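Undergrad: Supplied in structure tokens, the structure appears directly below.
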Amino acid sequence: MTLAITKTTGTAVPAVVGSDLRVPLVTGERVTYANLDHAASAPCLQEVRDAVDELLPWYASVHRGAGFASQVSTRVYEQARDRIRKFVGAHSSDTVVFTRNTTDSLNLLARSVPRGTAVVLFDSEHHAALLPWRGPNVQRIPAPASSGAAVVALDRALAAAPVGPRLVIVTGASNVTGELWPVAELAKVARRHGARIALDAAQLAPHRPIDVRELGVDYVAFSGHKIYAPFGAGVLVGRADWLQQAQPYLVGGGATSKVTDHGDRLGVAWSAVPERHEAGSPNVVGVHALAAACEILSRHWEQTVAHEQELLTRLRDGLRTIPGFRELSILADADKVGVVSFTIPGFDAGFLAAALSAEYGIGVRDGAFCAHVIVGRLVKQAGAHEDRAVRASIGLGTTAEHVDRLVAALRTLVTEGPKWTYTQRDGRWVAEDDSRTLPPFLA
């Protein structure tokens with residue numbers, strides 16, 4: 001077991017690959033990389049890398065081979081369903097469908113709902129949850145100002161929804177603000193109106209335990225690359241009936257139990273779920289990594305939450321000392337995971353991100369975070385004239401030094417200006433005369 005002792009809390013948390021990565025600055029120096037962009041993609045856990053290395057010699061075809069290596073790979077792939085089912089506290093009858101990521105999972109669910117299903121969601125969702133649902137039966141609720149207001153708004157929306165199947169889409173934690181949504185309370189409202197509820201746990205899964213039975217949700221989707229397993233796998237877990245009745249999301253090998261030739265047409269008998277929606281050669285390496293990450297996080301929730309909350313408090317307290325700093329917020333009364341998005345009037349978000357990287361070796365995200373609707377609204381409320389913000393996000397690879405470096409760098413940029421000259425190129429800010437070299441494997 002590989003653990004890292006944090007100087008901030010003194011607790012042992014799972015160690016990540018790349019914690020000692022050094023990156024070049026435009027000044028010619030090299031510094032340890034301060035990765036404050038975990039909300040976009042988290043680094044790989046060292047134990048996940050070890051799990052992948054252990055599997056690779058045995059890597060072979062899944063469900064298609066009689067060879068011993070194929071039997072091993074197939075067993076690894078199928079056992080991962082039970083490991084992930086346990087991670088989210090799913091029912092034994094729930095199906096586990098492996099996908100590429102949360103976006104893929106929610107698009108699969110959108111393709112599987114019965115015709116005429118009324119879909120209700122908040123317009124504060126990020127694009128993976130917002131865009132798959134189109135048409136006259138989709139109702140988007142304006143972002144509420146509090147957790148209580150969210151519950152009231154959903155109750156009213158479902159009361160006005162057409163008779164028939166209903167589905168509510170809700171995020172567990174906002175990828176823009178980090179705020180935790182009242183999922184259990186929203187699920188109770190959905191149940192009262194005979195609706196199912198799907199949880200987008202992309203930003204929740206790396207930070208908090210999930211129990212679908214305690215929460216009362218019917219589906220949950222999340223991505224490996226968010227939970228320290230960046231090997232191209234995601235998952236949709238939930239009730240099997242709609243998925244079983246739907247046409248395959250993709251067609252091809254694995255999704256079929258039998259194909260027959262009838263001359264002018266092909267006869268196809270589709271597989272049952274979950275194989276019905278897993279056409280093609282399965283990503284057994286990614287799935288194994290995903291399951292390993294789930295088990296590792298499950299063993300360290302107390303330490304993980306303590307580590308992140310200590311650093312989040314440090315980050316927010318520090319950022320509030322920056323002149324002009326304005327934090328974006330949707331639910332004023334909600335707890336947060338380690339995500340802080342903000343604006344500083346007079347400073348372009350893209351410029352700040354570029355300067356933080358070039359001069360200080362800090363990685364943050366700038367833009368609208370694949371949540372253009374809510375970011376545009378929140379940025380305007382914060383008094384900025386753009387539709388973009390800066391996002392700093394904390395994870396297991398974050399240290400107190402990373403947080404302090406960000407706060408000090410922002411204060412210097414805001415009060416003294418940059419040390420380097422920057423220009424806009426193809427819509428992005430870049431450092432002029434940037435002599436930083438890429439790593440050798442990109443040469």
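Undergrad: Answer yes or no as to whether residue 269 is open to solvent by less than 50 Å² (accessible area, probe 1.4 Å), modelled with pLDDT of 95 or more and either in a loop (DSSP other than H, G, I, E, B) or on the phi < 0 side of the Ramachandran plot (or both). First the steps, then the outcome.
TA: Numbers: open to solvent by less than 50 Å² (accessible area, probe 1.4 Å): yes; modelled with pLDDT of 95 or more: no; either in a loop (DSSP other than H, G, I, E, B) or on the phi < 0 side of the Ramachandran plot (or both): yes.
It is false that residue 269 is open to solvent by less than 50 Å² (accessible area, probe 1.4 Å), modelled with pLDDT of 95 or more and either in a loop (DSSP other than H, G, I, E, B) or on the phi < 0 side of the Ramachandran plot (or both).
Here is a yes/no grid of residues against (1) over 21 Å from residue 42 (Cβ atoms); (2) open to solvent by 80 Å² or more (accessible area, probe 1.4 Å):
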| site | (1), (2) |
| --- | --- |
| 378 | yes, no |
| 381 | yes, yes |
| 389 | no, no |
| 392 | no, no |
| 401 | no, yes |
| 417 | yes, no |
| 426 | yes, yes |
| 432 | yes, no |
| 437 | yes, yes |
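Undergrad: How about the range 279-295: which of its residues are crowded, with 24+ Cβ neighbours inside 10 Å and under 12 Å from residue 97 (Cβ atoms)?
TA: The one that is crowded, with 24+ Cβ neighbours inside 10 Å and under 12 Å from residue 97 (Cβ atoms): 287.
Undergrad: A further question follows. Does residue 403 meet the test of being more than 25 Å from residue 14 (Cβ to Cβ) and either in contact with an Asp or Glu (Cβ under 8 Å, 6 or more places away or on another chain) or touching a residue at least 24 places away in the same chain (Cβ under 8 Å) (or both)? Outline the logic, then answer.
TA: Working: more than 25 Å from residue 14 (Cβ to Cβ): no; either in contact with an Asp or Glu (Cβ under 8 Å, 6 or more places away or on another chain) or touching a residue at least 24 places away in the same chain (Cβ under 8 Å) (or both): yes.
Judged against the criteria, residue 403 is not a match.
Undergrad: From the list 254, 263, 280, pick out the single residue that is in contact with an Asp or Glu (Cβ under 7 Å, 6 or more places away or on another chain) and over 30 Å from residue 336 (Cα atoms).
TA: None of the others qualify; the one that does is 254.
Undergrad: For the range 146-189, what are the residues that are among the β-branched types (Val, Ile, Thr), more than 24 Å from the chain's Cα centre (by Cα) and at pLDDT 95 or above? Steps first, please.
TA: Our first condition is that a residue be among the β-branched types (Val, Ile, Thr); within the range 146-189, this holds for 151-152, 163, 168-171, 176-177, 183, 189.
This time we only want the ones that are more than 24 Å from the chain's Cα centre (by Cα), so: 152, 163, 189.
Listed by number, the residues that qualify are 152, 189.
Undergrad: How about the range 148-183: which of its residues are without any contact (Cβ under 8 Å) to a residue 24 or more places away in the chain and not aliphatic (A, V, I, L, M)?
TA: Hit for the range 148-183 is 156, nothing else.
Undergrad: Name every residue in the range 48-66 that is within 11 Å of residue 292 (Cα to Cα) and touching a helix residue (DSSP H, G or I) at 6+ places or on another chain (Cβ under 6 Å), in order of residue number. Reasoning before the result, please.
TA: Initially, the range 48-66 is screened for residues within 11 Å of residue 292 (Cα to Cα), giving 48-52.
48, 51, 52 - these are the residues of the range 48-66 that are within 11 Å of residue 292 (Cα to Cα) and touching a helix residue (DSSP H, G or I) at 6+ places or on another chain (Cβ under 6 Å).
Undergrad: Another question, then. Output the residue which, of all residues in the range 61-91 that are small (Gly, Ala, Ser) and at pLDDT 95 or above, is farthest from residue 206 (Cα to Cα). So that I can check it myself, show each step before the final result.
TA: Of the range 61-91, the ones small (Gly, Ala, Ser) are 61, 65-67, 69-70, 73, 80, 89-90.
With the extra rule that they be at pLDDT 95 or above, the set shrinks to 67, 69-70, 73, 80, 89-90.
Values: 67: 36, 69: 32, 70: 31, 73: 26, 80: 18, 89: 15, 90: 17 Å.
The selected residue is 67.
Undergrad: Among 27, 32, which is the only one that is under 30 Å from residue 430 (Cβ atoms), in contact with a Leu (Cβ under 8 Å, 6 or more places away or on another chain) and of a type outside the set (A, V, I, L, M)? Step through it out loud before you land on a result.
TA: Numbers: 27 fails: in contact with a Leu (Cβ under 8 Å, 6 or more places away or on another chain).
32 is the lone residue from the list that is under 30 Å from residue 430 (Cβ atoms), in contact with a Leu (Cβ under 8 Å, 6 or more places away or on another chain) and of a type outside the set (A, V, I, L, M).
Undergrad: Would you mention how many residues in the range 108-133 are free of Cβ contacts under 8 Å to residues at least 12 places away in the same chain and under 22 Å from the mean Cα position of the chain (by Cα)? Give the steps one after another, and end with the answer.
TA: Applying the first criterion (free of Cβ contacts under 8 Å to residues at least 12 places away in the same chain) to the range 108-133 yields 115, 131.
Next, only the ones that are under 22 Å from the mean Cα position of the chain (by Cα) stay: 131.
Total satisfying the criteria: 1.
Undergrad: Look through the range 149-189, keep the residues that are among the polar types (S, T, N, Q) and not in a strand (DSSP E or B), and return whichever of them is surrounded by the fewest Cβ atoms within 10 Å (Cβ to Cβ). Outline the logic, then answer.
TA: Quick first cut of the range 149-189, residues among the polar types (S, T, N, Q) only: 171, 174-175, 177.
If we keep only those that are not in a strand (DSSP E or B) too, we end up with 174-175, 177.
On the way: 174: 31, 175: 29, 177: 27.
Among those residues, the one meeting the criterion is 177.
Undergrad: Next up: Which members of the range 315-352 meet the condition of being in a helix (DSSP H, G or I) and open to solvent by 10 Å² or more (accessible area, probe 1.4 Å)? So that I can check it myself, show each step before the final result.
TA: Of the range 315-352, the ones in a helix (DSSP H, G or I) are 315-319, 349-352.
316, 317, 318, 351, listed by residue number.
Undergrad: Just to confirm my filter: which strands (runs of 3 or more DSSP E) fall fully inside the range 190-266 and include at least 3 residues that are loosely packed, with under 14 Cβ neighbours inside 10 Å and either among the small types (Gly, Ala, Ser) or modelled with pLDDT under 95 (or both)?
TA: Details: elements: 196-200, 219-223, 234-238, 256-261.
Those strands (runs of 3 or more DSSP E) span 256-261.
Undergrad: Okay, next question. In the range 370-408, how many are of a type in the set (A, V, I, L, M) and farther than 20 Å from residue 142 by Cα?
TA: Step one: of the range 370-408, the residues of a type in the set (A, V, I, L, M) are 371, 373-375, 378-379, 382, 384, 389-390, 392, 394, 396, 400, 403, 406-408.
Remaining after also requiring farther than 20 Å from residue 142 by Cα: 384, 389-390, 392, 394, 396, 400, 403, 406-408.
So the answer is 11.
The values are calculated or read from the model by the stated rules, or taken from the named source; none is laboratory data. Treat the numbers as computed from the prediction; the structure is a model and nothing was measured. All Cβ positions, even for glycine, are placed from backbone atoms using ideal geometry, and neighbour counts span all protein chains on display. Just so you know, the surface numbers come from the protein's heavy atoms only, side chains and all, with ligands and any DNA or RNA stripped out. Shrake-Rupley method; radii C 1.70, N 1.55, O 1.52, S 1.80 Å.
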